[in-house]
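Data block below; observations after.
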Amino acid sequence: MSRPRPWIEAFAPATVSNLGPGFDCLGLALRGPGDRVRARLGEQPGVTIVKVEGDGGKLPRAADKNTAGVAVAELLRRHAPDAGVELEVYKGLPLGSGLGSSGASACAALVAADAALGLGLQPAQLVDLAREGERVACGAAHPDNVAPAILGGVVLIPQLDPLRLIALPSPADLWLAVYTPGCSVSTAEARAVLPAQVPLAATVQQASRLGLLVHALHCGDLALLGEAIVDELVEPCRARLIPGYLDAKAACCEAGALACSISGSGPTTFALAGSRGRAEAMLAILEECFTLAGVPGNGLVDQVGPGARVVSTLLH
Ligand code: HSE
């Protein structure tokens, strides 16, 4: 009789990366939205994606082109070369939204596969594997979505090789309004508009704001945090890819948002607030501005949340 091969289901959260001055090196995990992936031992070596749901048929089913498949193939190559894994991917996050959708699938797949194989890999090992999914998704193995998707909370990545991850504190009264306009921006496209070189003075300003941001998180000072979330290097290049973004940002700032910026490569836009009520007010403003700009979408208010985890084991 063949041995049972239970499906292990894992969840990985949406993430807001860059957070203003932390391009490619800072991100946070949201509490609510995310992707789920089921993994079980395969009968053949290698990775097979048996199902993808919730993507409107847009994601590649071939394991070597899908972020979840690529990340788990790399896990097998490094840690279990003779094993096989089957995956089912359930997308909860919109594609090309700036919410770390590709990274969430890779992270959920890795956590599920790690559990199915009984490997017990460390979070930093999982983040390093998940970066391979990002490489296939956009051509750059940026860690700022997958690090918070695995660790949860707010994560700084001060070094890539070898990978270093610093979990930062997040104030309990920090709330986010997160709005995804009804247009999509591919990360590759949003990276292609960035300059290869930037002026020294702007780089100094960006570095000082990132320092201020880390200090603000340690002090739990929301006003200081808002002051730090300004990005004069990347945001100006990307703002034109998002209809209505500059008006939405101006309206949120005018109405007292602690900060407003692009989530990752966009078009999702986030505004920070110090209470649920204030975040709801910001969400209403974002909704109104993006609707006026002809790109109505969806949004929510949320807080910083935990990282990827196994949520169930199913014997079907
Ligand atoms: N740091 C990456 C970028 C995040 O801004 O291109 C992509 O979601």
Exactly one of 22, 32, 92, 69 is in the same structural domain as residue 161 (by TED's automatic domain parsing), away from the ligand (no atom under 16 Å from the Cβ) and assigned to a loop (DSSP other than H, G, I, E, B), and that one is 92
So, in region 35-58, of the ones that are among the acidic types (Asp, Glu) and not in a loop (DSSP other than H, G, I, E, B), which residue ends up nearest to residue 261 (Cα to Cα)?
-> 35
When region 156-180 is checked residue by residue, the ones that are of a type in the set (D, E, K, R) and assigned to a loop (DSSP other than H, G, I, E, B) are 161, 173
Which residues, counting only those in region 178-231, are in contact with a His (Cβ under 9 Å, 6 or more places away or on another chain), within 25 Å of residue 304 (Cβ to Cβ) and within 15 Å of the ligand (Cβ to nearest atom)?
-> 187
Output for region 241-252, where each listed residue is away from the ligand (no atom under 16 Å from the Cβ), surrounded by 16 or more Cβ atoms within 10 Å (Cβ to Cβ) and not charged (D, E, K, R) = 243, 244, 248, 251, 252
If you scan region 95-130, which residues turn out to be surrounded by fewer than 24 Cβ atoms within 10 Å (Cβ to Cβ), assigned to a helix (DSSP H, G or I) and touching a residue at least 60 places away in the same chain (Cβ under 8 Å)?
-> 115, 117, 123
For region 37-58, does any single residue satisfy the condition of being within 17 Å of residue 307 (Cβ to Cβ), modelled with pLDDT of 95 or more, assigned by TED's automatic domain parsing to the domain that holds residue 113 and within 16 Å of the ligand (Cβ to nearest atom)?
-> no
Is region 116-137 home to any residue that is of a type in the set (A, V, I, L, M, F, W, C), modelled with pLDDT under 95 and either farther than 30 Å from residue 294 by Cα or within 12 Å of the ligand (Cβ to nearest atom) (or both)?
-> yes
Within 16 Å of the ligand (Cβ to nearest atom), on the phi < 0 side of the Ramachandran plot and outside the structural domain of residue 127 (by TED's automatic domain parsing): does that describe residue 235?
-> yes
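The values are calculated or read from the model by the stated rules, or taken from the named source; none is laboratory data. Note that the structure is a prediction, hence the values are computed from the model and not measured. Cβ coordinates were reconstructed from backbone atoms using ideal geometry, including for glycine residues, and neighbour counts include every protein chain displayed.
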